[in-house]
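Quick notes on the structure that follows.
The values are calculated or read from the model by the stated rules, or taken from the named source; none is laboratory data. What you see is a predicted model; the values in this text were computed from it and never measured. Backbone-built Cβ (ideal geometry, glycine too); neighbour counts: all protein chains shown. With ligands, DNA and RNA removed, areas are computed over all heavy atoms of the protein, side chains included. Shrake-Rupley method; radii C 1.70, N 1.55, O 1.52, S 1.80 Å.
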Amino acid sequence: MQKTVVSQEQIAHQYEYMQFIARMNAQKAEVCGHKLRAFTQTFGCQQNEADTQRIAGMLDEMGYEKAESAQQADVIVINTCAVREHAESRALGNVGALSHLKKARPDVTICLCGCMVQQEHMPEKIKKSYPQVDIVFGTHALWRFPELLYRRLTGDKRVFDTSGDAAGYIAEGLPILRDGGTKAWLSIMYGCNNFCTYCIVPYVRGRERSRDPQQIVHELEQLVAEGYKDITLLGQNVNSYGKDLDTPIDFSDLLVRLNAVPGDFLLRFMTSHPKDASHKLFDTMAACDKVAKQLHLPFQSGSDTILKRMNRGYTATHYRELIAYARGKMPDLTLSSDIIVGFPGETEQDFEQTRALVDEIGFDMLYTFLYSKRSGTPAASMPDDTPHEVKQERFERLLRTQDERVQARQDAYAGKCLRVLVDGTSKGTEYPLTARTEGGLLVCCAGDGLKIGEFAQVRIEKTSLRCLFGRSV
Ligand code: SAH
Ligand code: SF4
Ligand code: F3S
């Protein structure tokens, strides 16, 4: 299976559609006295946020300004997630609630896109149960959004496009509208090949495909020129970057190239997979001054039996070794992970192994999820006889362990001086600004000389579970 690089000719066509809609919108704006407005809403992960920024870029190009609510908007785009049932029901709930708006204003265009709608059974369900939705497009059709919107605005009743080859697409040259501020997402690859047995992502995002390194370097240079200082490289498994490219390059080589871009900025990346994270990667992180000493390395379970059934491709021992090596190279490493509690067949002993690993390693941050059955994945047909209450109790037990450990890690920062990037304002009055440490930890800060968008040194005065509190020095 070969990915498709969308030709520049096809991209040019999309620009033609955008210009056409922009002209149409300019005329409409004259009649109604203000620019047309678009509202976007995103569920799911950073990849999806990055995708929404591409949709926002196209909407901007088509002459829409940002609406603060769906009520004000002429176009509504809901970018959905399918990773857990909860994400789906929230998105569908929101779409359901829009039926009143559609009745009151039939000319509003409602678009549903992203991972949830890319699932095989979804287009039918939306056709039948959500008549208020005008346009449905999957992850593979994202770059064709202007064409789909054009078709709807020029007479097509409802437009559905969840087609596309699972090998996937790379579309360069479309506009991106970021939020401004200090942080930016930078996608380096799309899709996933790992097929962890619980996970829907490979089915809805297609196969792994890497962007050309030249394009990534160029985008980073632009971001730095625009003043972004905290840049996160995105991919479902960044450690397999480059495997599908003709250029011999891996993720570590890419980091070295990006680290060489001039300017004062920090590079982060997510997500890493323990089966592909290498010593070379940790050596490279340690050697690159602009690469944050931060690692998000999901381990999912501390039980080898469960890891095997999850098709994760590593053991708990391998995970321990990786962390030991990484911490050896980077003593100040900030470490986070994802865990699934209640995978089919998880016993009390399996769970205790997970909890023990959390206790042993001491993460700075953990994202813990209750297993959610995804239809079409292998785990969906595995026997699962653990009662929900038992899973829930394990989940809470894990949270307690995690909170104790996280608090201990936080407390260890008290009195220390840290370099932070000030990035916003906080609700508190005593520490009115927010910042991030190089490791990505939240710091509420106070003191003289702090400026949003700039790096500063702060001394940590107190700590809580979720936040450090510091004063400029
Ligand atoms: N590519 C990343 C994760 C993407 S999904 C990786 O492999 O680490 C983010 C997290 O959601 C996963 O790490 C996993 O912990 C969780 N997750 C995925 N599928 C899930 C499911 N069916 N139920 C519960 N949690 C799930
Ligand atoms: Fe899902 Fe596994 Fe791929 Fe992550 S690596 S996106 S958990 S299949
Ligand atoms: Fe969700 Fe799709 Fe991300 S399923 S977690 S939005 S890749």
Where labels lie 7 Å past Cα in the beta-carbon direction, separation of residue 429 and residue 28 in nm
4.6
Once R0 is set to 22 Å, what does the formula 1/(1 + (r/R0)^6) return for the Cβ-Cβ distance between residue 464 and residue 264, expressed as a FRET efficiency to the nearest 0.05?
0.15
Per the charge dipole of region 56-108 (beta-carbon charges, Lys/Arg positive, Asp/Glu negative, Cα centre), the residue among 79, 59, 101 reaching farthest to the positive end is 101
Any residue on another chain or 5+ positions along whose placed amide H is under 5 Å from the amide H of residue 237 is listed here as 271
List the relative contact order of the chain as a percent without decimals, with contacts defined as Cα pairs under 8 Å and 6+ residues apart.
10
Distance in nm between residue 7 and residue 19 label points, each 7 Å along Cα→Cβ, equals 1.9
Nearest-0.05 FRET efficiency for residue 397 and residue 165, computed from C-beta distance (R0 35 Å)
0.20
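Summarise the accessible area of region 339-445 (1.4 Å probe, protein heavy atoms) by the percent that is carbon and sulfur.
Working: 2620 of 4930 Å².
Carbon plus sulfur share of accessible area: 53 percent.
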With n ≥ 4 as the cut-off for DSSP H runs, can you work out [θ] at 222 nm for the chain, using -39500 (n - 2.57) per run divided by the number of residues, rounded to the nearest 500?
-11500 deg cm²/dmol
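Return the subset of 229/373; 35/157; 3/183; 3/293; 66/427; 102/128 for which the Cα-Cα distance in this structure is over 27 Å, preserving the input order. Don't skip to the answer; put the middle values down first.
Numbers: 229/373 39 Å; 35/157 24 Å; 3/183 29 Å; 3/293 33 Å; 66/427 25 Å; 102/128 16 Å.
Correct reply: 229/373; 3/183; 3/293.
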Of 292, 239, 249, whose Cα points farthest to the positive end of the dipole of region 235-299 (charges on the beta-carbon: +1 Lys, Arg; -1 Asp, Glu; origin at the Cα centre)?
292
Mind checking the dipole of the chain: about its Cα centre, +1 per Lys or Arg Cβ, -1 per Asp or Glu Cβ, Debye to the nearest 20?
640
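How big is the dipole moment of region 279-357 about its Cα centre under a simple scheme where the beta carbon of each Lys and Arg is +1, that of each Asp and Glu is -1, and everything else is neutral? Debye, nearest 20, please. Could you put the intermediate results ahead of the total?
Details: 10 positive and 10 negative charges, 61 e Å.
I would put it at about 300 debye.
Calculate the dipole size of region 226-346 relative to its Cα centre from +1 charges on Lys and Arg beta carbons and -1 charges on Asp and Glu beta carbons; express the result in debye to the nearest 20. Provide the component values of the computation, followed by the final result.
Values: 14 positive and 15 negative charges, 62 e Å.
Computed charge dipole of region 226-346: roughly 300 debye.
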What would the Debye formula give as log10 I(q)/I(0) at q = 0.11 Å⁻¹ for the alpha-carbon point model of the chain, no solvent?
-1.01
Residue-normalised value, i.e. accessible area per residue, for the chain at 1.4 Å probe, in Å², stands at 43
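Only bridges with both residues in the chain count here: give the DSSP antiparallel percent, nearest 5. Please report the intermediate quantities before stating the final value.
Values: 21 of 67 bridges.
Given both bridge residues lie in the chain, the antiparallel proportion sits at roughly 30 percent.
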Write out the chymotrypsin sites (Phe, Trp or Tyr not before Pro) in region 12-53 meeting two conditions: DSSP loop, and at most 13 other Cβ atoms within 10 Å of their Cβ.
none
Any chance you could run the full-extension gain for residue 325 through residue 380? It's 0.36 nm times the residue separation minus the Cα-Cα distance, nm to one decimal.
16.3 nm
Per the C-alpha gyration tensor (a ≥ b ≥ c, the square roots of its eigenvalues), region 142-206 is rounded if a/c is under 1.5, else prolate if a/b beats b/c, else oblate; here it's oblate
In nm, spacing of pseudo-spin labels at residue 256 and residue 243 (7 Å Cα→C-beta vector)
2.1
Considering only region 325-473, what is the antiparallel percent among its DSSP beta bridges, to the nearest 5?
65
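Return the carbon/sulfur percentage of the accessible area of region 164-251, one whole number, probe 1.4 Å, all protein chains in place.
The nonpolar share, carbon plus sulfur, comes to 48 percent.
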Rounded to whole Å, give me the distance from the Cα center of region 373-391 to that of region 293-372.
20
When the accessible area of region 10-112 is split by element with a 1.4 Å probe, what percent falls to carbon and sulfur?
50
Cα extents of region 414-464 per principal axis, largest first, Å, are 21, 20, 19
Length gain on complete extension for the stretch residue 356 to residue 97, per 0.36 nm per residue less the alpha carbon to alpha carbon distance?
88.9 nm
Gyration tensor verdict on region 241-321 (Cα atoms; rounded if a/c is under 1.5, prolate if a/b is larger than b/c, oblate otherwise)
prolate
